[in-house]
1. Answer with one residue from GLY64, THR34, THR132: the one whose Cα lies farthest towards the positive end of the charge dipole of the chain, charges on Cβ with Lys, Arg +1 and Asp, Glu -1.
2. What distance in nm lies between label points placed 7 Å from Cα along the C-beta direction at MET60 and GLU88?
3. Using a 10 angstrom cutoff on alpha carbons, build the Gaussian network for the chain and name the most mobile of ALA280, ALA205, ALA219.
4. If you place +1 on the Cβ of every Lys and Arg and -1 on the Cβ of every Asp and Glu, how big does the dipole about the Cα centre of the stretch 226-336 come out, in debye to the nearest 20?
5. Which value, in debye to the nearest 20, gives the size of the charge dipole of the chain about its Cα centre, when Lys and Arg are +1 and Asp and Glu are -1 at the Cβ?
6. In the chain, with Lys and Arg counted as +1 and Asp and Glu as -1 at Cβ, which of these residues, ILE144, THR245, ALA205, has the Cα nearest the positive end of the dipole, that is, farthest along it?
7. Longest span of the chain, sites excluded, free of trypsin sites (Lys or Arg not before Pro) in DSSP loop with at most 11 other C-beta atoms within 10 Å?
8. How big is the gap, in Å, between the Cα center of the stretch 311-336 and the Cα center of the stretch 194-255?
Amino acid sequence: MYKKLLKKIAVYVMAAALCAGMFVPMQAKAASWTFEDVAGTWNGRGTSAYGTITIGEDGMIDDGWNSRQGHMESGSIEVKYKYGGKTETISYNMWKGEKSPSELSDDENGNIYWIIDKDTIRSWNIYKEGGTLYSYNPSTMTRIKAEAKKKSHKENPEEVAKRKAEEAKKEEERKALEAASKEAARMAEEAAEKGFADMAQMQEAQAGGKSADEYYNNAVVNTEGIEDATPISQGGGLIINGEKTNVTATISKVSSFYVNSVRAAREGTVLNVVDVQFPAKEAVASFYMPGVAQGDAITAAQYIDGAWTDVEVTEVRADHVVLNLKNNGIVAFLKN
């Protein structure tokens, strides 16, 4: 009776530690459990669970994505969690797949389980990438249905073909979802490395050929066809109908066609050429252009109906050029 009491206390402490996310299971003996002990339907919670899994007395484990052979074997592996980056050594006493967890090759996956008791199982989905085993956060599964033993049923050829087709479809869907998840994670990492807040902003900036600095500063620093372009940005404060507003003109990049065109049509050094768009027909806009000095002979022209039309330069001061724009569109800044 004393030993039974100690066993109950140990199970209670293990369960409490699991709830706190602190329990690391000890190595188990493979002979401790059989598939008859855990056969049934299990409900999962946690990011690695697909909802429910079904374990058959023959060892087949179906998690809703595929049905693969389970193995009542113990071991331990080191995995790196995909979200969080923590590395942990995980013990298991049951696994699913064609290869043992330690034998997986790149782009192969499987599942490992720690059977806590007949009603509680801890589950990890694992996959190998770049020689490293990764796992998503584990899930805890509880038995939700104690299934009665069924007589063995021999499938006919049609049933076998149907089951295999369904399994192949589930596996294809699982791989597609996994690939999409990996690509999303890769793009999010790329966006962060390039200084973007998220993938959407990175893709929007890339569509316009802009770096993160250009995107977030409403600027054009580098322009095709100009070796040392003068950076241009617009920080708002447009004067519309004679009144200063908080409206900003959007600055976008243009192709070298417009650079070559204005060089052929106008005299002077082309400082930069940009597309200027604002929500009005006319506006007075101040452009930040570092390197411009007060009194510099700056001229501007706008590409309208296939020709370059003069734009009034109302002011040139240190690092700023102010234009009186009569239209939205492509504007060239030149120094004479």
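1. THR34
2. 3.2
3. Judging by the Gaussian network model, the answer is ALA280.
4. 120
5. 1920
6. Toward the positive end, the furthest listed residue is ILE144.
7. 155-280
8. A separation of 16 Å, based on Cα centres.
The numbers here are math on the coordinates, done by the rules we state, and not lab data. Keep in mind that this is a model prediction, so the values were computed, not measured. Every residue, glycine among them, receives a Cβ derived from its backbone with ideal geometry; neighbour counts consider all protein chains shown.
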